[in-house]
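The values are calculated or read from the model by the stated rules, or taken from the named source; none is laboratory data. Nothing here was measured: the structure is a model prediction, and the numbers come from that model. Virtual Cβ from ideal backbone geometry, glycine too; neighbours counted across all protein chains shown. With ligands, DNA and RNA removed, areas are computed over all heavy atoms of the protein, side chains included. Shrake-Rupley method; radii C 1.70, N 1.55, O 1.52, S 1.80 Å.
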Amino acid sequence: MKVSIIGQGYVGLTIAAFASKNHEVIGFELNSAVVSRLNNGISHVEGVSSEDIKQAISAGNYRATSDGLEIAESEIVVLAVPTPLAVDRKPDLTYIEAACKVIAANLTRPALIINESTSFPGTIRNYIKPAIEKYSKRKLEHLYAISPERVDPGREDYNQKNTPRLYAGLTPEATAKTRDFYSTFCDNLVEVSSPEIAEAAKLFENTFRQVNIALVNELAQISHALGIDVRETLDAAGTKPYGFMKFAPSAGVGGHCIPVDPSYLADVAEKAGVEATFIKRANEVNLDMPKYIARRIEIDNGGSVKGKKVLVVGVAYKPNVADTRETPAELLIDVLQDSGAVVSWNDPVVGTWHGTESTPLSGADIAVVVTKHDVVASEDILKSAPYVFDTTGKVKGAVQL
Ligand SMILES: NC(=O)c1ccc[n+]([C@@H]2O[C@H](COP(=O)([O-])OP(=O)(O)OC[C@H]3O[C@@H](n4cnc5c(N)ncnc54)[C@H](O)[C@@H]3O)[C@@H](O)[C@H]2O)c1
């Protein structure tokens, strides 16, 4: 089938890599630098090798483009565009709307339109379908479905093939065609009764993580005040074979999903007259962790970090990926700078961030580990400063969160 994927980032390119084994895939992407790298067989996404892209290109099954005309004949169109928060932390669907305009302006035949971007229940029914219909010049009877993406970039044990995939169409025909499409590269398909269930399940999965991370972050603060090791407490609780799932304390949550998706659920809840107090509180606890960490560091260092050289180690939001979106390192750097510290950062996986380069792992007064990549040795971190604070639990010998 001819499949167009709108957005060639983490999600879109990952789908393209799997789908192009059986289908002719157009990767529609607005960023021209990404388009030209992809057409030269260079992947920018962890988990998608450049070799995979090159093979798909040489088999005639993949090309990237910014030209909307190239999606004209698509039988399937997948939306994989960002769904961030606006400045007021409300859902920002402007990328979805732009994608709808491209689809509406260019499709010349009825297609199955599947949304993989994360959004609130009702997005495909009440937002995407009406937007495409509104912007289309031609009257085409498209089918609509949702299949929320669950990819975890950098993860090796679960991928597109073996991660169960939820799906539902607005009509039985849309549902059936969606199943046929994903069954060409996914082993485990889970049909649900409506698109809203799939949309809500996706939001709840990440809300569950966010709330539980906030809970262990609160436990970390309680444990420290009581002089108890939080990680040993969690290991001990984790020996219970049922009814408990272990989460780890950290500097906060990052990435495109966990800090963002719960706010989509809170927003739709509020519109339905339910105040999502739990979700909001979890958000606050996680967003406050950098302040808590900075305070702990200040207390351990004579009450102030003013004028001290502080090295933030690991600015990616999680280990072994270069993704810095919503990273808690950013908030921590702000808090430390506001307290008068001279802050630099080290992260060889990220390399360049906000126009600055990763600095060497040495010569600091204080080092604080936000993310511990496998390529960064604990011994080197411990040598980088006389005082090292570790939020990850991986740098033995450092002061622990
Ligand atoms: N990254 C993840 O781990 C992950 C996991 C599950 C779900 N999601 C969801 O998937 C969606 C996409 O996330 P992502 O991580 O792939 O984002 P991303 O930023 O990595 O990629 C999105 C791409 O879309 C492009 N784009 C934006 N508007 C466009 C348009 N109108 N037409 C064509 N291209 C456009 C951007 O240039 C970018 O390259 C989001 O809704 C996200 O919440 C992400």
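Rounded to the nearest 0.05, what FRET efficiency is calculated for Thr94 and Lys383 with R0 set to 45 Å and r the Cβ-Cβ distance?
Values: r = 46 Å, r/R0 = 1.03.
About 0.45, to the nearest 0.05.
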Heads up, I need the accessible area for Tyr182: 1.4 angstrom probe, whole protein in place, Å², nearest 10.
-> 0 Å²
Above 26 angstrom, tally the Cα pairs of region 175-332 and express them as a % of all pairs, no decimals.
-> 44 percent
Carbon + sulfur, % of accessible area of region 259-396 - ligands and nucleic acids excluded, 1.4 Å | 55 percent
Which of the listed residues, Ser32, Thr118, Val77, is farthest toward the dipole's positive end in region 24-129, when Lys, Arg count +1 and Asp, Glu count -1 at the beta-carbon?
-> Thr118
Which lysines have a Cα lying under 26 Å from the Cα of Lys309, excluding residues fewer than 8 positions away in the same chain?
-> Lys291, Lys318, Lys372, Lys383, Lys394, Lys396
Region 143-195: percent of C-alpha pairs farther apart than 13 Å?
-> 54 percent
Roughly what angle does helix 172-182 make with the longest principal axis of the chain, taking Cα atoms, 0 to 90 degrees, to the nearest 10?
-> 60 degrees
Choice from Glu173, Glu191, Glu149 with maximal GNM fluctuation in the chain (Cα, 10 Å cutoff) = Glu173
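Report the semi-axes of the equivalent ellipsoid for the chain in whole Å, largest first, where each axis is √(5λ) for an eigenvalue λ of the Cα gyration tensor. Could you put the intermediate results ahead of the total?
On the way: eigenvalues 332, 114, 72 Å².
Calculated on Cα positions only, the semi-axes equal 41, 24, 19 Å.
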For region 174-209 and region 322-384, write down the distance between their C-alpha centroids in whole Å.
-> 38 Å
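Once the convex hull of the C-alpha atoms of region 15-66 is built, how many Å³ does it hold per residue, rounded to a whole number?
Given the Cα convex hull of region 15-66, per-residue volume reads 64 Å³.
Return the ratio Rg/(2.2 N^0.38 Å) for region 249-401, where Rg is computed over Cα atoms only. Don't skip to the end; give the middle numbers.
Working: Rg = 16.2 Å, N = 153, 2.2 N^0.38 = 14.9 Å.
In units of the globular-protein estimate, region 249-401 measures up at 1.09.
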In region 166-254, what percent of the accessible surface is made up of carbon and sulfur (1.4 Å probe, ligands and nucleic acids excluded)?
-> 59 percent
Considering the chain as a Gaussian network with a 10 Å cut-off on Cα pairs, which listed residue, Pro328, Pro249, Pro130, attains the greatest mean-square fluctuation?
-> Pro130
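Please report the equivalent ellipsoid semi-axes of region 68-218, computed as sqrt(5 x eigenvalue) of the Cα gyration tensor, largest first, in whole Å. Don't skip to the end; give the middle numbers.
Values: eigenvalues 146, 75, 37 Å².
Result for region 68-218: semi-axes of 27, 19, 14 Å.
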Positive end of the charge dipole of the chain (Lys, Arg +1 and Asp, Glu -1 on Cβ, about the Cα centre): tell me which of Ser4, Ala201, Ala174 has its Cα farthest that way.
-> Ala174
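Rg(Cα) of region 343-401 divided by 2.2 N^0.38 Å?
Details: Rg = 10.9 Å, N = 59, 2.2 N^0.38 = 10.4 Å.
Rg over 2.2 N^0.38 Å, computed on Cα atoms: 1.05.
If I take all pairs of Cα atoms in region 81-134, what percentage of them are more than 15 Å from each other? Could you put the intermediate results ahead of the total?
Working: 664 of 1431 pairs.
When every Cα pair of region 81-134 is considered, 46 percent fall beyond 15 Å.
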Solvent exposure of the chain as accessible area per residue, Å², 1.4 Å probe = 45 Å²
Kindly provide the pair-distance distribution of region 5-100 built from C-alpha pairs, with 5 Å bins from 0 and whole-percent values in order of increasing distance.
-> 3, 14, 25, 25, 16, 9, 5, 2, 1, 0
So which aspartates and glutamates can Lys161 reach, going by Cα to Cα under 17 Å and dropping same-chain residues fewer than 8 places off?
-> Glu46, Asp52, Glu116, Glu149, Asp152, Asp180, Asp187, Glu191
Cα to Cα, under 28 Å, and not fewer than 8 places away if on the same chain: which lysines meet these conditions relative to Lys271?
-> Lys90, Lys101, Lys129, Lys134, Lys202, Lys280
Accessible area of Ser362, 1.4 Å probe, to the nearest 10 Å²?
-> 70 Å²
Candidates Thr163, Thr207, Thr233; GNM for the chain (alpha-carbon contacts under 10 Å) flags as most fluctuating Thr233
Of all DSSP beta bridges in the chain, antiparallel share, percent nearest 5 | 10 percent
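Which trypsin sites (Lys or Arg not before Pro) in region 199-257 sit in a loop by DSSP (not H, G, I, E or B) and have at most 14 other Cβ atoms within 10 Å of their own Cβ? The partial results should precede the final answer.
Details: sites: Lys202, Arg209, Arg231, Lys246; in loops: Lys246.
Qualifying residues, ordered by number: Lys246.
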Per DSSP H run of at least 4 residues, take -39500 (n - 2.57); add these up for the chain, divide by its residues and hand me the 222 nm value, nearest 500 deg cm²/dmol.
-> -11500 deg cm²/dmol
Region 260-347: radius of gyration and largest Cα-Cα distance (Dmax), Å = 16.2, 50
